[in-house]
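Student: Below you will find the structure I want to go over with you.
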Amino acid sequence: MITSNHVGGPPDNPMKILHLEDSALDHQLVCHALNKAGLGAEISRVDTLAQFCTAVNQTSFDVILADYRLPGFTALDAWSALSTLSVRPPFILLSGAIGESAAVSAIHLGISDYLHKDDLGKLARVIGRALEMNQTRAAKAKADLELAASEKRLTEFAGYLQSAIERERGAIAREIHDDIGGSLAAAKLDLAWVTRHGSDPTIQAHIQAATEMLQHALGASQRIMMNLRPSILDQGLFAAIQWLATSFEKRTGIQTSLRTNNEHLTPSKSIELTAYRTAQEALTNVSKYANCKRVAIEISDAEDVLTLEVTDDGKGISEHELKNPDAFGIRGLHERAKTVGGWLDVSTRQGVGTSIILSVPLSPASQPLPQEQF
Ligand SMILES: Nc1ncnc2c1ncn2[C@@H]1O[C@H](COP(=O)(O)OP(=O)(O)OP(=O)(O)O)[C@@H](O)[C@H]1O
Ligand SMILES: [Mg+2]
């Protein structure tokens, strides 16, 4: 049997309370207590589990009050029956029949509160507190969802930006190759022709100087192209990192070592490019800030995770430097790692050195959808 009463307060928009109680007298006492507290409520009573399930599926209650022990079931069975609801209302045990420890374990299950039947004077306050807690929990769950969605959007956007940048870099590299590189090479051939067909020593000296300038410009455009679109990656990730390490050592004089467990790593193109750009940025940072003597690069694919580690023995990075709002290198690497399903760790100690570690799971299940990077 379901019975309903209106208690206390103004009749418009009353709070909807479901009371699971087999004693009509105890129900009356509850109605009386709420009436006395001036709480405007529409309170319905049920006394079987079937009625309880029907009531919660038909009506959206603001609060559920439940006696603990009822004929053939307990309030915990009623609580489990609520698990099908998307949002559970506050559920308050209102009982005299259980001990403190049972009440505590019920609250561990997620039941909002417990009140002894002898304390009905506190009922309105307990309901108010349970409602507040429920609202806070719901607001937090909503905020957590929004935060997760916003982080997902940010990662997707970072991925989109990275591929747009790489596409743009590829296009610029091709233009340098076709227009500037082609013209410089043609000019060099013409100068060689003039050298062969002239004999004036002054002119020959100028041609020699111009040829050297052209050679310098060709070298520079090749270097720029390599930075823009690392064609060396076509020879595999290990070869590309080896090329980076060798040219870094030549340019900076910093002793650079490279180790791997597998010289024939074949991750996807987007992982290759992420690892390459990570090594490139880490080495650029080393040359700009570390003030170190040695750099060690290690790349491995052990346990199906690609790991790239660039370690220097320099001055280390302070908290303050890492949080510098104008610095985007390391922050960009974090975002870039996420776009291929990986993550970046920065381990650093002042005066001891810095390690930049990229980890990317290689099994297809842990990979996000592939992105065309260039
Ligand atoms: N290997 C390192 N050793 C010492 N300090 C470092 C090292 N790498 C980075 N830092 C410090 O951490 C800061 C952040 O580095 P990050 O690469 O994010 O930015 P940046 O190099 O300053 O600028 P950007 O990379 O955007 O051009 C640097 O400004 C520098 O102070
Ligand atoms: Mg940097």
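Student: Kirkwood Rh over Cα pairs of region 237-365 into Stokes-Einstein at 37 °C, 0.692 mPa s: D in µm²/s?
Tutor: It comes out at roughly 222 µm²/s.
Student: Under unit Cβ charges (Lys, Arg +1; Asp, Glu -1), what dipole magnitude, rounded to 20 debye, does the chain have relative to its Cα centre?
Tutor: On the way: 35 positive and 44 negative charges, 133 e Å.
For this selection, approximately 640 debye.
Student: In addition: With contacts defined as alpha carbon pairs under 8 Å and 6 or more residues apart, what's the relative contact order of region 51-205 in percent?
Tutor: Working: 93 pairs, mean separation 23.8, N = 155.
Computed over region 51-205, the figure is 15 percent.
Student: Please name which of His334, Thr354, Gln135 has its Cα lying farthest along the dipole of the chain towards the positive end, using unit charges on Cβ (Lys, Arg +1; Asp, Glu -1) and the Cα centre as origin.
Tutor: Farthest along the dipole direction, towards plus: Thr354.
Student: Here is a further query. Could you pull out the longest piece of the chain with no exposed loop GluC sites (Glu not before Pro) in it, calling a site exposed if DSSP puts it outside H, G, I, E, B and it has at most 16 other Cβ atoms within 10 Å?
Tutor: 1-262
Student: Moving on to the next point. For the residue pair Ser355 and His320, what label-to-label distance in nm results when each label sits 7 Å from Cα along the Cα-to-beta-carbon direction?
Tutor: For Ser355 paired with His320, the spin-label model returns 2.7 nm.
Student: Compute the angle between helix 237-252 and the longest alpha-carbon principal axis of the chain, please, reported from 0 to 90 degrees and rounded to the nearest 10.
Tutor: So the inclination is approximately 60 degrees.
Student: Still on this structure, I have one more. Calculate how steeply helix 269-285 sits against the longest principal axis of the alpha-carbon atoms of the chain, using the helix alpha-carbon long axis, and give the answer as 0 to 90 degrees to the nearest 10.
Tutor: The two axes meet at around 70 degrees.
Student: Work out, step by step, the length gained on full extension between Ala149 and Ile180: first 0.36 nm times the residue separation, then minus their alpha carbon distance; give nm to one decimal. Can you show the working numbers first?
Tutor: Working: separation 31, 0.36 × 31 = 11.16 nm, distance 4.52 nm.
Contour length minus Cα-Cα distance gives 6.6 nm.
Student: I've got another one for you. With runs of 4+ DSSP H residues as the only contributors, calculate the mean residue ellipticity of the chain at 222 nm using -39,500 (n - 2.57) per run, divided by the residue total and rounded to the nearest 500.
Tutor: That calculation yields -16500 deg cm²/dmol at 222 nm.
Student: A further question follows. What lysines could a cross-link reach from Lys117, if we take a straight Cα to Cα line under 25 Å and drop same-chain neighbours fewer than 8 places away?
Tutor: Lys16, Lys36
Student: Might you tell me the accessible area per residue for region 235-284, computed with a 1.4 Å probe and given in Å²?
Tutor: It amounts to 48 Å² per residue over region 235-284.
Student: I'd like the Karplus ³J(HN,Hα) series for region 56-71: coefficients 6.51, -1.76, 1.60, θ = phi - 60°, whole numbers in Hz, and an x wherever there's a Gly or Pro.
Tutor: Here the 3J(HN,Hα) series is 6, 7, 8, 10, 8, 8, 7, 8, 10, 10, 9, 5, 7, 9, 10, x Hz.
Student: Given the C-alpha centroids of region 167-236 and region 37-83, what is the distance between them in whole angstrom?
Tutor: Here the two parts' Cα centres lie 83 Å apart.
Student: For region 82-226, count all C-alpha to C-alpha pairs, find those more than 28 Å apart, and express that count as a whole percent of the total.
Tutor: Counting every Cα pair in region 82-226, those more than 28 Å apart make up 61 percent.
Student: Also: Per Stokes-Einstein, at 37 °C and 0.692 mPa s, what whole-number D in µm² s⁻¹ belongs to the chain, with the Kirkwood radius over Cα pairs as the hydrodynamic radius?
Tutor: Taking Rh from Cα pairs, D becomes 120 µm²/s.
Student: Sticking with this structure for a sec: Hey, what did the chain get for relative contact order, percent, Cα under 8 Å, at least 6 apart?
Tutor: 11 percent
Student: Suppose R0 equals 45 Å; then what is the FRET efficiency for Ser231 and Asp200 from their Cβ-Cβ distance, rounded to the nearest 0.05?
Tutor: Step by step, r from the Cβ atoms, then E = 0.65.
Student: With a 1.4 Å probe and every protein chain kept in, tell me what percent of the accessible surface of the chain is carbon plus sulfur.
Tutor: 56 percent
Student: Next question, about the same structure. Using Cα atoms only, what is the angle between the long axis of helix 123-175 and the major principal axis of the chain, expressed in degrees (0 to 90) to the nearest 10?
Tutor: 20 degrees
The values are calculated or read from the model by the stated rules, or taken from the named source; none is laboratory data. Remember, it's a predicted structure, so these values are computed and weren't measured experimentally. Quick reminder, even Gly has a Cβ in these numbers, built from the backbone with ideal geometry, and neighbours come from all protein chains shown. Calculation scope for accessible area: heavy atoms of the full protein, side chains included, ligands and nucleic acids excluded. Shrake-Rupley method; radii C 1.70, N 1.55, O 1.52, S 1.80 Å.
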